[in-house]
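The values are calculated or read from the model by the stated rules, or taken from the named source; none is laboratory data. All values reported here derive from a predicted model rather than from experimental measurement. Heads up, the Cβs are rebuilt from the backbone with ideal geometry, glycines too, and the neighbour counts pull from every protein chain shown. Keep in mind that these areas ignore ligands, DNA and RNA; they rest on the heavy atoms of the full protein, side chains included. Shrake-Rupley method; radii C 1.70, N 1.55, O 1.52, S 1.80 Å.
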Amino acid sequence: SSRNQICNWNSNSPKHGSTTPLTDPHPPSLQHLRNRRYRPIKQVPRTVTRYNKQTKRWSRIGDLCHERANHQSISLKSGLYVIGGYNGQNWLKSIERLDESKDIFYHVMELKEGRSNFGLIKCVEDNGFIVLGGRSYSELDTCEYVSLKDRNCKNISSLLCPQSDISALEVADII
């Protein structure tokens, strides 16, 4: 179908690690989705480190509220935020912010849907961001606009097809 052609999946990527039976009914561009599984993560980190350019050293700055991997981080006017991810068992909705005066993270709000491996677009004008696609129990096509000012998440137009591991750009004004 034309939707499958639009998606343009890269099923040859070694990170998918899937093998496709010869009798697979799925189009070649989507075969890896059928066989792709998240491997359990044995140890998921909570620690956060910071690199000091002057001393050229890493230092620990505190622990996240929730263990997470495959999350995103973003620096905005109001601070450093850590969003979503996977804790070895569940896809996370949580958004945490670093309190730089105490070097601790605290829970700010939640996304509508838990996800990992998603794209993130910084919205410069309003100190918010957009979460694009990602992974939950399957690839996602949903997008959420997060307003930190209003502490509100709202669904916006979906992607053309489910996608994870998305690269995104900063934009000045799109909402």
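Taking a 1.4 Å probe, which of R60, R97 shows the most accessible area, and what order do the others take after it?
Ranked list, largest accessible area first: R60, R97.
Let me check against my output: what whole-number percent is the relative contact order of segment 36-126, with C-alpha pairs under 8 Å and at least 6 apart?
23
So for segment 76-159, averaging the separation of alpha carbon pairs under 8 Å that are six or more residues apart and normalising by length, what relative contact order in percent results?
21
Expressed in nm to one decimal, what extension gain is obtained for the pair K149 and W58 from 0.36 nm per residue of sequence separation less their Cα-Cα distance?
29.6 nm
Taking amide hydrogens as modeled 1.01 Å from N in the peptide plane, which residues meet the under 5 Å criterion relative to I156, leaving out close sequence neighbours?
C143, E144, Y145
What is the sum of charges around S136, taking Lys and Arg as +1, Asp and Glu as -1, for the other residues whose C-beta is under 12 Å from the C-beta of S136?
+1
Mind ordering 61-71, 142-152 by average Cβ neighbours within 10 Å, highest first?
On the way: 61-71: 18.2, 142-152: 16.5.
The most tightly packed comes first, giving 61-71, 142-152.
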